[in-house]
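Report on one structure; see the data block that follows.
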Amino acid sequence: METLTSILVLLTGILIRLIVPLGLTALVVFLLRKLDARWQAEAEMEKNLLIKDEIPCWLEQGLSVDRVLQMSTESGKPCWQVKRQPNGYLREECLNCEVFLSAPLPQPKHTEAHA
């Protein structure tokens, strides 16, 4: 009887020390994969929306740099934001574009804490 108790204690220890952490790790991996799949689907949907609404480079249309900057402030998005790659990177042609290089830097918004 004492041998059976010892074996049960040993198996219980193995269960608690090994199987429970492995099970929890597997559960976390499963949940993270579901989350990643959801994010991939959202990115694909956003990519499809951008491709549908994509406009050609305004500089290639013969517009001046000043006019392109004016149009980008009117539409709310500069041309290089509209033409981003699906992974969020800027396109190579935008990095060397005169409009991109001459665009003003965004200014951080300062919020003052009330004492």
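Extension gain ALA26-LYS109, at 0.36 nm per residue separation less the Cα-Cα distance, in nm?
Gain on extension, ALA26 to LYS109, equals 25.6 nm.
Mind giving me the FRET efficiency for ASN87 and LEU18? R0 is 30 Å, r the Cβ-Cβ distance, nearest 0.05 is fine.
0.15
Hey, fewest Cβ within 10 Å first, where do ARG91, ARG84 land in order?
Ascending Cβ contact count within 10 Å gives the list ARG91, ARG84.
Say R0 is 25 Å: what FRET efficiency, to the nearest 0.05, do ARG67 and GLU42 get from their beta-carbon distance?
Rounded to the nearest 0.05, the efficiency is 0.15.
Taken together, the values in this text are just the output of simple stated rules run on the coordinates, not laboratory data. What you see is a predicted model; the values in this text were computed from it and never measured. Please note: Cβ atoms are built from the backbone with ideal geometry, for glycine as well, and neighbour counts cover all protein chains shown.
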